[in-house]
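Okay, so here's the structure we're looking at.
The values are calculated or read from the model by the stated rules, or taken from the named source; none is laboratory data. Quick caveat: nothing in here was measured; it's all calculated off a predicted structure. We place every Cβ from the backbone using ideal geometry, glycine too, and count neighbours over all the protein chains shown.
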Amino acid sequence: MDDDLSLKKLMDLSKRSYNNNTFEFSDFLTIQEQDEFAARKKDFTDSRFTLFGGYELAERRMVRFGDEEELGYNVDFPIACIEISPVSEKFAAACTHRDFLGALMSLGLERRIFGDIIVKDKKAYLFCQERFSSFVCDNLVSVGRNQVHCEVVVFPEENVKKERERIAIQVNSLRADAVAAKVCKLSRGAVLPLFLQKHVVLNGQTLENKDKTLKEGDIFSVRGYGKFVVGETTGLSKKGKENVNIYKYM
């Protein structure tokens, strides 16, 4: 991200929303870009803003400038969810996130118009800017060796959210480094570089403070290890450690 150029674009959208009394939308922002935006949010005083990526747990998100209360009307985020499925599921090979992204990039479109890609079994759900959805559906015909069919759908979020693996851990406290070490099966020393390298994301923003205390409902991800939600505390062990359920999204 070119910090100055991208932040200028966001500021222009904010001013346009305020001056014209309209909703304005950014491209999809990466986690790092969202961090940079959050660090400068005090500069965006012209209009209120909201971030959303098409579903609750989205990592790549758009910024919407404008507020229903201020403007007197509402406009939804222009995000389409496209289901990409093999034409012949029986004979289709499993594809990875990289396979789906590579196929999309081959269409000549920029990464910024796409949000998250959620791979489920042999299909994937792609979030993209709504105005490009027809182009993707008409032109994306293969992923890897699979011939595919694309269709705009309502994202089955509840079904995806239910697929979670419970991980029972014991920790002295819910410090971020302690929890991350347990779920990633690493030592506290080995997990520290993940924070320094900005590989840990908490509730949509990069977490560098390893001492941060997590709470029930917090969603965090560790690059290379997965995405997790902090569950309920179930009491103390005989040695006085907290028993906590962590749920990993599959």
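Data table
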| item | result |
| --- | --- |
| Residue count, region 78-116 (criterion: hydrophobic (A, V, I, L, M, F, W, C), closer than 15 Å to Ser134 by Cβ and without any contact (Cβ under 8 Å) to a residue 60 or more places away in the chain) | 4 |
| Answer from Ser6, Ser26 - the residue that is surrounded by 15 or more Cβ atoms within 10 Å (Cβ to Cβ), small (Gly, Ala, Ser) and at pLDDT below 90 | Ser6 |
| Check on Gly217, surrounded by fewer than 15 Cβ atoms within 10 Å (Cβ to Cβ), in contact with a strand residue (DSSP E or B) (Cβ under 7 Å, 6 or more places away or on another chain) and touching a residue at least 12 places away in the same chain (Cβ under 8 Å) | yes |
| Index of the failed condition, Gly66 passing every other in (1) over 12 Å from Asn146 (Cα atoms); (2) under 18 Å from the mean Cα position of the chain (by Cα); (3) surrounded by 13 or more Cβ atoms within 10 Å (Cβ to Cβ) | (2) |
| Enumeration of residues in region 100-140 that are in a strand (DSSP E or B) and aromatic (Phe, Trp, Tyr) | Phe114, Tyr125, Phe127 |
| Answer residue from region 34-57, given it is in contact (Cβ under 8 Å) with a residue 40 or more places away in the chain and among the charged types (D, E, K, R) and is surrounded by the most Cβ atoms within 10 Å (Cβ to Cβ) among those | Asp35 |
| Pairs with Cβ under 9 Å, 6+ apart, first in region 137-149 and of a type in the set (Ser, Thr, Tyr), second not in a helix (DSSP H, G or I) | Ser142/Val148 |
| Region 32-46: number of residues that are in contact with a Lys or Arg (Cβ under 8 Å, 6 or more places away or on another chain) and either hydroxyl-bearing (Ser, Thr, Tyr) or closer than 16 Å to Asp12 by Cα (or both) | 1 |
| Matching residues in region 187-204 - criterion: being surrounded by 14 or more Cβ atoms within 10 Å (Cβ to Cβ) and outside any helix (DSSP H, G or I) | Lys198, His199, Val200, Val201, Leu202, Gly204 |
| Filter result (more than 19 Å from the chain's Cα centre (by Cα) and of a type in the set (S, T, N, Q)) within region 205-250 | Asn209, Thr213, Thr233, Thr234, Ser237, Asn243, Asn245 |
| Lone qualifier among Ser6, Ser47, Ser26 - being among the small types (Gly, Ala, Ser) and more than 21 Å from Asp116 (Cα to Cα) | Ser47 |
| Check on Lys212, touching a helix residue (DSSP H, G or I) at 6+ places or on another chain (Cβ under 6 Å), under 18 Å from Asp35 (Cβ atoms) and among the basic types (Lys, Arg) | yes |
| Top-ranked residue in region 137-155 [being of a type outside the set (Val, Ile, Thr) and out of contact with any Asp or Glu (no Cβ under 9 Å at 6 or more places or on another chain); ranked as modelled with the lowest pLDDT] | Arg145 |
| Test result for Val179, touching a residue at least 40 places away in the same chain (Cβ under 8 Å), in a helix (DSSP H, G or I) and not assigned by TED's automatic domain parsing to the domain that holds Cys128 | yes |
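One line per residue, one yes/no per condition, for (1) over 14 Å from Ser17 (Cβ atoms); (2) exposed (fewer than 12 other Cβ atoms within 10 Å of the Cβ); (3) out of contact with any strand residue (DSSP E or B) (no Cβ under 7 Å at 6 or more places or on another chain):
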{"site": "Glu59", "(1), (2), (3)": "yes, no, no"}
{"site": "Met62", "(1), (2), (3)": "no, no, no"}
{"site": "Val75", "(1), (2), (3)": "no, no, yes"}
{"site": "Ile82", "(1), (2), (3)": "yes, no, no"}
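For every residue, the table says whether it meets (1) within 26 Å of Glu33 (Cβ to Cβ); (2) outside the structural domain of Leu214 (by TED's automatic domain parsing); (3) more than 19 Å from the chain's Cα centre (by Cα).
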position	(1), (2), (3)
Ser85	no, yes, yes
Gln129	yes, yes, no
Cys150	no, yes, yes
Phe195	yes, no, no
